[in-house]
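Worksheet: the structure to be examined is printed underneath.
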Amino acid sequence: MKFWGYLLDLFYPNLCINCSESLMQGEKVLCLKCITELPKTNFQHKENNLVEQRFWGKVKVEKATSFLYFRKGSITQTILHELKYKRNQSVGHFIGELAGLELADLSCFSDIDIIVPVPLHIKKKLKRGYNQSKIICDGLSETLKKPIITHNLTRIKENETQTKKSVYERHQNILNVFAIKDTQKFEGKHILLVDDVITTGSTLEGCISLLNQIKGTKVSVFTIAIAVN
């Protein structure tokens, strides 16, 4: 077995997705050096942080945080590119685990009941093969020890890409995009709503506005990254 493992390492070396250096035993996805260089926001420790400000005057959230800052050319961009476009699901699971370790002992996240990914439209999910937000949830669930509920919050409309739209256009683009199949599954629950990246927050806002209408439901938000200049 060791021989075959040696051959696999020789012909298919396990490399850090960021710096391309060989990963040491016990390392996965990112080497220790790159992990220490992650541009963390530490928003989970800050009241009225940049993520929470995205929702002011729009929808009600209990707590909102992003794990990393996103800038073009950054390690965060590499992580998201691997997850979304190179079909590297292990990246999302690993980063979800890593972020979960930093949230697990915080009182503001201790009463989370369920974790819910922002849904993809079925066409996009079939094209990609998976929902990247669900993969992140898998990692979070492993460290937070909370269950995931999928397929109850659904995307019923395939809206246009948000990438080059203005704030107003993003808001209009997300109207009537989401639906909830069974509101009773969410009643009285504190939901951790999860997405990969937040820019204006319009996609998350579309989900939260529905969840806010359910009796006794509280919503907190987690994303891997927040886009900044």
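The values are calculated or read from the model by the stated rules, or taken from the named source; none is laboratory data. Here the structure is a predicted model, which means the values were calculated and not measured. Here the Cβ is made from the backbone with ideal geometry for all residues, glycine too, and neighbour counts use every protein chain on show.
Which residues, counting only those in the range 23-61, are polar (S, T, N, Q) and in a loop (DSSP other than H, G, I, E, B)? Working first, answer last.
Within the range 23-61, the first condition is being polar (S, T, N, Q), and the residues that meet it are 25, 36, 41-42, 44, 48-49, 53.
Correct list: Q25, T41, N42, N48, N49.
Restricting attention to the range 183-229, which residues are part of a helix (DSSP H, G or I) and among the charged types (D, E, K, R)? Full working, then the answer.
Step one: filter the range 183-229 for residues part of a helix (DSSP H, G or I), giving 183-185, 202-211.
Listed by number, the residues that qualify are K185, E205.
Given the structure, is R87 modelled with pLDDT under 95 and either closer than 13 Å to I17 by Cα or of a type in the set (D, E, K, R) (or both)?
On the way: modelled with pLDDT under 95: yes; either closer than 13 Å to I17 by Cα or of a type in the set (D, E, K, R) (or both): yes.
It is true that R87 is modelled with pLDDT under 95 and either closer than 13 Å to I17 by Cα or of a type in the set (D, E, K, R) (or both).
Among the candidates I136, I115, I95, I122, single out the residue that is of a type outside the set (F, W, Y), in the same structural domain as K46 (by TED's automatic domain parsing) and at pLDDT below 95.
Working: I136 fails: at pLDDT below 95; I115 fails: at pLDDT below 95; I95 fails: at pLDDT below 95.
I122 is the lone residue from the list that is of a type outside the set (F, W, Y), in the same structural domain as K46 (by TED's automatic domain parsing) and at pLDDT below 95.
In the range 205-228, how many are touching a residue at least 60 places away in the same chain (Cβ under 8 Å) and polar (S, T, N, Q)?
Residues in the range 205-228 being touching a residue at least 60 places away in the same chain (Cβ under 8 Å) and polar (S, T, N, Q): 4 in total.
Could you tell me which residue of the range 132-149 is surrounded by the most Cβ atoms within 10 Å (Cβ to Cβ), considering only residues that are outside any helix (DSSP H, G or I) and of a type in the set (A, V, I, L, M)?
Our first condition is that a residue be outside any helix (DSSP H, G or I); within the range 132-149, this holds for 145-149.
Right, trim to of a type in the set (A, V, I, L, M) and you get 148-149.
On the way: I148: 15, I149: 17.
Per the stated criteria, the residue is I149.
Sort out which residues of the range 169-209 are over 27 Å from L68 (Cβ atoms) and either at pLDDT below 90 or not basic (K, R) (or both), and write them in order of number.
Q172, L175, N176, A179, I180, D182, T183, Q184, F186, E187, G188 - these are the residues of the range 169-209 that are over 27 Å from L68 (Cβ atoms) and either at pLDDT below 90 or not basic (K, R) (or both).
Can you tell me which of (1) touching a residue at least 60 places away in the same chain (Cβ under 8 Å); (2) of a type in the set (A, V, I, L, M, F, W, C); (3) assigned to a loop (DSSP other than H, G, I, E, B) is the one F67 doesn't meet?
(3)
Out of all the residues in the range 86-107, is one or more part of a loop (DSSP other than H, G, I, E, B), among the charged types (D, E, K, R), under 27 Å from K46 (Cα atoms) and without any contact (Cβ under 8 Å) to a residue 60 or more places away in the chain? Steps first, answer last, please.
Start the filter on the range 86-107 by keeping residues that are part of a loop (DSSP other than H, G, I, E, B), which leaves 86-88, 104-106.
Those left that are additionally among the charged types (D, E, K, R): 86-87, 105.
With the extra rule that they be under 27 Å from K46 (Cα atoms), the set shrinks to 105.
Restricting the remaining residues to those that are without any contact (Cβ under 8 Å) to a residue 60 or more places away in the chain gives 105.
Yes.
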